[in-house]
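The structure appears right after this line, and notes come after that.
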Amino acid sequence: MSSNKTHTNKSKKVPPSSPKPTPQAPTENQVLLHQLQIQHQGPIPAPAILQQYDDIIPGAAERILQMAEQDAAHQHAMHRNALDAQRFEVRRGQIFGFGIGLAALSASIIALVLGYPTTAGILGGTTVVGLVTVFVKERSSAPSEEVTTAK
């Protein structure tokens with residue numbers, strides 16, 4: 001015989017749960033995982049890390065600091081060399097532009113003296129217009145950031 005019994009759940013008072021779960025010791029089928037992540041940016045490790053290096057290898061912290069200083073000096077030298085090369089390139093372009101402009105204007109004057117005013121006008125006019133266009137365009141397309149030199 002089967003009997004139909006209905007079970008009713010009586011509500012019991014449940015104590016409020018604590019906000020932090022209590023740690024349990026791992027059992028045979030459980031694994032306890034503890035993960036620590038530390039991030040640091042920059043050429044020099046954090047002081048605690050430097051101290052740990054120094055504990056393992058005496059003098060390592062000083063060597064790491066010297067390496068960072070040498071790297072910074074190298075980066076500054078490379079930046080200075082790049083600025084010097086850029087400055088030289090701009091100066092060379094100005095000198096060549098001046099030479100080409102002077103040669104074209106000289107040819108224009110010679111053509112005018114020899115009796116070729118149309119040729120002189122074309123040479124002189126296109127040279128001046130071309131040079132002005134190059135310098136104006138170069139100035140307007142240059143970055144607004146000024147290049148400062150380290151002395």
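What follows is calculated from the coordinates using simple rules that are stated; it is not laboratory data. Given the structure is predicted, the values throughout are model-derived calculations rather than measurements. Cβ coordinates were reconstructed from backbone atoms using ideal geometry, including for glycine residues, and neighbour counts include every protein chain displayed.
Sorted from longest to shortest, the spans of the Cα atoms of segment 49-141 along the three principal axes equal 89, 22, 9 Å.
For the peptides 50-57, 107-114, 35-42, the ranking by mean Cβ contacts within 10 Å, running from highest to lowest, is 107-114, 50-57, 35-42. Between LYS137 and ALA60, full extension at 0.36 nm per residue minus the direct alpha carbon distance yields a gain of 22.3 nm. Taking other residues whose beta carbon is less than 15 angstrom from the beta carbon of ALA61, and scoring Lys, Arg as +1 and Asp, Glu as -1, yields -3.
About its Cα centre, the dipole of segment 49-141 is roughly 780 debye, where the only charges are +1 on Lys and Arg Cβ and -1 on Asp and Glu Cβ.
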